[in-house]
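Chemist: Shown below is the structure under consideration.
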Amino acid sequence: MRRVLAAVALCFVVLAACSTTSGADAGTNLTVFGASSLKVALEAVASAYETSNPGTTLTISTDSSAALATQIEQGAPADVFLSADTANPQKLVDAGLAAGQPVAFAGNLLTIIVPADNPAGIDAPADLAKNGLRIIAAGDEVPITKYATQLVDKLAGQPGAPADFAAAYAANIASKEDNVSAVLAKVRLGEGDAGIVYVTDAAGVDGIATIDVPDSANVPASYAGVVVDASSKQAAATAFLEWLAGPDGQAVIAELGFLPSP
């Protein structure tokens, strides 16, 4: 009888150990929805965070911030939402879909891109008003478009800008893409003469040249993130967002050209 009881007890110990080991091996996987302009940065962020937090993995999904916010509104499973603006995270907060307030974690600036061979001969921002130019833009709800609109308005007030600069720019828009990555890709392929993207998008990209934007006209972009209220891993998601906004996360994204949040 004692042997039977001992055997049963041993089985319980083995099963408990197996259960504990299985849970540890499973770890924590966080699904992060991130703005298209963060794609490269989030690859570096994931590597750094997983290294410093063994057992945690990040699954990254990128698209325009507006599209990702809509997906979360429709019930897409995400733990953290990282946007290229503050408006989309705030929209989730206002709808009761975020746990806590938006956390600012990065900044950026804008630049004008042209194909490397620059067939349209664009030498300065004022050239975006040239008749017949093909400008590749993003959809109206994409954050880069809102920043670009502000930039165009400021460029219109620069010395030497054509009187109808903003209207001429708008007339030259040949297509509106789903996100800023698509804008970059079409200009790189020569399917457009110019586009406005974030500085970090254009950095080191083959097939692309940039046209400097005057500091007095540039528009600072502010990135913010929230923990999704429907997440079952809010503690882990909050820890990641705090890390990203803290010194360790800031060091990673600074290496890729992102600025502190404005």
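The values are calculated or read from the model by the stated rules, or taken from the named source; none is laboratory data. Just so we're clear, the structure is a prediction, and the values are computed from it rather than from any experiment. Heads up, the Cβs are rebuilt from the backbone with ideal geometry, glycines too, and the neighbour counts pull from every protein chain shown. Quick note on the areas: whole protein, heavy atoms, side chains included, nothing else; ligands and nucleic acids left out. Shrake-Rupley method; radii C 1.70, N 1.55, O 1.52, S 1.80 Å.
Chemist: Between Gln71 and Glu191, what length comes free when the chain is fully extended (0.36 nm per residue of separation minus the Cα-Cα distance, one decimal in nm)? It would help to have the intermediate numbers written out before the result.
Modeler: On the way: separation 120, 0.36 × 120 = 43.20 nm, distance 2.91 nm.
Extending this stretch completely gives an extra 40.3 nm.
Chemist: Okay, moving on. Taking only DSSP H segments of four or more residues, each worth -39500 (n - 2.57), what value at 222 nm results for the chain once the sum is divided by all its residues, to the nearest 500 deg cm²/dmol?
Modeler: -12500 deg cm²/dmol
Chemist: Let me ask something else. What residues qualify as long-range amide H neighbours of Thr31, i.e. H under 5 Å apart, gap of 5 or more or another chain, H built at 1.01 Å from N?
Modeler: Here Thr59, Asp79, Val80 satisfy the definition.
Chemist: At a Förster radius of 41 Å, what calculated FRET efficiency corresponds to the Cβ-Cβ distance of Asp164 and Thr57, to the nearest 0.05?
Modeler: 0.20
Chemist: Another question, if that's okay. Given labels modelled 7 Å from the Cα in the Cβ direction, how far is it in nm from Ala95 to Ala203?
Modeler: Here the answer is 3.1 nm between the modelled labels.
Chemist: Starting from the amide H of Ser261, placed 1.01 Å from N in the peptide plane, find each other amide H under 5 Å away whose residue is 5 or more places distant or on another chain.
Modeler: Ala106, Gly107
Chemist: Okay, moving on. Cα centroid distance between segment 84-131 and segment 143-196, in Å?
Modeler: What the calculation gives is 11 Å, centre to centre.
Chemist: Suppose a student asked you for the relative contact order of segment 152-262, using Cα pairs under 8 Å spaced at least 6 residues apart; what percent would you report?
Modeler: 19
Chemist: Which of Ile208, Ile144, Pro125 sits closest to the plus end of the dipole of segment 97-215, meaning its Cα is farthest towards the positive end, when Lys and Arg get +1 and Asp and Glu get -1 on the C-beta?
Modeler: Of the candidates, Ile144 comes out farthest on the positive side.
Chemist: Is any helix in the chain, taking whole DSSP H runs, at least 27 angstrom long along its axis by alpha carbon and on average at least 0.0 on the Kyte-Doolittle scale, and which ones?
Modeler: Span-like helices in the chain: 2-26.
Chemist: While we're here: Let me check I've understood the local charge: for Thr149, count other residues with C-beta under 15 angstrom from its C-beta, Lys and Arg +1, Asp and Glu -1. What total comes out?
Modeler: Charge balance near Thr149 sits at -1.
Chemist: For Rg/Rh (Cα atoms, Kirkwood Rh), several values are listed as [x] 1.02; [y] 1.16; [z] 0.93; flag the one computed from this structure.
Modeler: Evaluating Rg/Rh (Cα atoms, Kirkwood Rh) on these atoms matches [y].
Chemist: Roll a 1.4 Å probe over the protein chains and send me the accessible area per residue for the chain in Å².
Modeler: Spelled out: the 1.4 Å probe surface of the chain, per residue, equals 48 Å².
Chemist: Expressed as a whole percentage, what fraction of the accessible surface of the chain belongs to carbon and sulfur atoms when a 1.4 Å probe is rolled over the protein heavy atoms?
Modeler: Looking at the chain in its full context, I get 56 percent from C and S.
Chemist: Give me the distance in nm between label points sitting 7 Å out from Cα along the Cα-to-Cβ direction at Asp117 and Asn29, one decimal.
Modeler: Going from the Asp117 label point to the Asn29 one covers 4.5 nm.
Chemist: Moving to a separate point now. Using the structure shown, list the pairs from Lys146/Lys176; Lys146/Lys233; Lys39/Lys130 with a Cα-Cα distance above 24 Å, or answer none.
Modeler: Distance filter (> 24 Å) returns Lys146/Lys233; Lys39/Lys130.
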